[in-house]
Amino acid sequence: MPTGCEFPMIKTFENALTAADFESTVELTNFPAVFRGCASVWDAYSKWNPFNSGLDYLEERAGSVEVEAMLSRTAPVFNGDIRSHERVSLPFSDFIRFCKQHMRGKGNGSGVDAKSADLNPMCEDYRPGQIYLAQFPILNDEKEEKVLLKILRQDIQTPTFLDAKSLSSINFWMNSAEARSSTHYDPHHNLLCVVSGRKKVVLWPPSASPSLYPMPIYGEASNHSSVGLENPNLSDYPRAEHSLKQSQEITLNAGDAVFIPEGWFHQVDSDELTVAVNFWWQSNYMSNMPEHMDSYYLRRITRRLIDREMSLLVSKPSSTDLRHLSEHIDQSRIEMAEGGNDNIGNESIKKGLSTLHEKASLHDLDPSASQALHDLISLVHDHVNAVDTSKGLQHTSPSCSEGGEKSKFLVNAMSCLEDDRVAHLLWNLEASRLRDVLLAMARYFPRTLEALILHMLSPIAAEVLTQKFDEIDQQTGEEDRTQFFREFYSAFDDEAAAMDIILSRKEAFAFQAFKNVLDKFLGVNIASPTTNI
């Protein structure tokens, strides 16, 4: 298995499973499995083989049946997006002749022009390799009147471990030349059985969706990936770089089968003249889910994905990040000491840092907390000194402010996690030490604390701060907890406004995580909370 894949190797079973074993050891795990020789006992295994008079047999049995085939503009890739192909009706015998043409062309080393045959006019401009008889029903529980290949049903057998399943459909698949189905998932459990030829199947778990860039959920091909497996354009699809690390590849020879659970992305490459049958049935998860609970489960699952995305966005800074942060702060102090900024600002900074040295010792801070307090005050003073006082304080994170408008900072700041010095300082402190630092600021530097919270707290920093608040809650008793928050908020002229700032920016962080979830899992991009989808 590729390094980085979070799932175990796909199991291979050489012997048939009982229905009970299949359900307990395979289906309920929602994990793929390979079954060797599953279809080798079928009559179809010998009778449908194109290299052993199978084409003549199929034409004789079902040649007059009107089938619907895919004509692809992107062959040998057959995309699910209807913009890349068209569906055309033709007699099954015409499709068999396409296959025979391809065999003759391969036999004499030259291609055969489809126009030379007396075929359906709709197919005249297509080569044999551009036509694929895909997903044509042998059985369909909803459209029985349209199941015209049911005459082939007697040549196949439902595997014994599916006997108790309520099958929604059994489908026939056949390609004349090499073909590839684009990466997609299905809303049903699927058992794909190769009758003749060979298929290579690449599988991804549903959790790999972000690296596969699913098509927009509201689109006609919402279950398909937007990006090709080979040589993806990483400038347009940067997450696709990790797609292969999350995949597993299996090869199915004639007689083999693979269980593809619902929601698993898969890309299928078929050798020329490959014939297959697949069985679809609804999973227990979906069949047992009452519709009146859909909106609740939607909200629960969305919230879980948002929480997971927030955890990915909030990661502890590396030692290199922290070293660079410390170097930046030290350099700022050097520049201030050398008169790099206005004299009034310098005097204020020097006075503030002097007061810190005088009063911090009275608070009995340990060295790491004292250093953090010193760094936070330096950052605030550096910020104040850099901003035009006539415009008032505003958010000026180095990377986030470039090319962005002030009104957009709550969203733009999310893309600058690694550059957020305040968030890094807060995250690097243990909750108990941060508590001491914030109390020291509230008691001795209330205006600095107010400036930090009201004007320098980005969404990511607000998320880190509230996480630390939760840790403080867990580590202290109710009386100490109440006293801490009373002192903290007493530093602000308007306590309610301070709380609103913290919560609003925390929500802005969650909203960005929500946007990421929509993009990664639903293929939807939105610009702001008020944008209508």
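The values are calculated or read from the model by the stated rules, or taken from the named source; none is laboratory data. As the structure is a computational prediction, the values presented were derived from the model and not from experiment. Note that we place each Cβ from the backbone using ideal geometry, even for glycine, and neighbour counts take in every protein chain shown. Areas reflect the complete protein model, heavy atoms only, side chains present, ligands, DNA and RNA absent. Shrake-Rupley method; radii C 1.70, N 1.55, O 1.52, S 1.80 Å.
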Residues in the stretch 67-77: is at least one outside any strand (DSSP E or B) and either open to solvent by less than 20 Å² (accessible area, probe 1.4 Å) or closer than 30 Å to Leu162 by Cα (or both)? no
Taking the stated definitions as given, is Thr302 modelled with pLDDT of 95 or more and surrounded by fewer than 19 Cβ atoms within 10 Å (Cβ to Cβ)? yes
Every pair of residues 6+ apart whose Cβ atoms lie under 8 Å, when the first sits in the stretch 3-14 and is within 14 Å of Phe35 (Cα to Cα) and open to solvent by less than 60 Å² (accessible area, probe 1.4 Å) while the second is at pLDDT 70 or above and assigned to a loop (DSSP other than H, G, I, E, B): Ile10/Phe31; Ile10/Pro32; Phe13/Arg36
Taking the stretch 408-458 as the search range and keeping residues that are more than 15 Å from Ala491 (Cα to Cα), modelled with pLDDT of 90 or more and not in a helix (DSSP H, G or I), which one is most open to solvent (accessible area, probe 1.4 Å)? Glu430
Where residues in the stretch 226-281 are closer than 29 Å to Ile131 by Cβ and among the charged types (D, E, K, R), which of them is nearest to the chain's Cα centre (by Cα)? Glu262
I'm checking my understanding of the structure. Among residues of the stretch 78-92 that are closer than 15 Å to Leu149 by Cβ and open to solvent by 20 Å² or more (accessible area, probe 1.4 Å), which one is modelled with the lowest pLDDT? Ser89
Only one of Glu272, Glu178 that is open to solvent by 20 Å² or more (accessible area, probe 1.4 Å) and touching a Pro at 6+ places or on another chain (Cβ under 7 Å): Glu178
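Results for (1) assigned by the TED database to the domain that holds Gln135; (2) among the aromatic types (Phe, Trp, Tyr); (3) touching a residue at least 60 places away in the same chain (Cβ under 8 Å), shown as yes or no for each residue.
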| position | (1), (2), (3) |
| --- | --- |
| Arg36 | yes, no, yes |
| Trp48 | yes, yes, yes |
| Asn52 | yes, no, no |
| Asp56 | yes, no, no |
| Ala69 | yes, no, yes |
| Pro76 | yes, no, yes |
| Glu86 | yes, no, no |
| Leu90 | yes, no, no |
Check whether at least one residue in the stretch 504-515 is open to solvent by 40 Å² or more (accessible area, probe 1.4 Å) and over 29 Å from the mean Cα position of the chain (by Cα), and report yes or no. no
The residue that is surrounded by the most Cβ atoms within 10 Å (Cβ to Cβ), considering only those in the stretch 49-66 that are charged (D, E, K, R) and over 17 Å from His102 (Cβ atoms), is Arg61
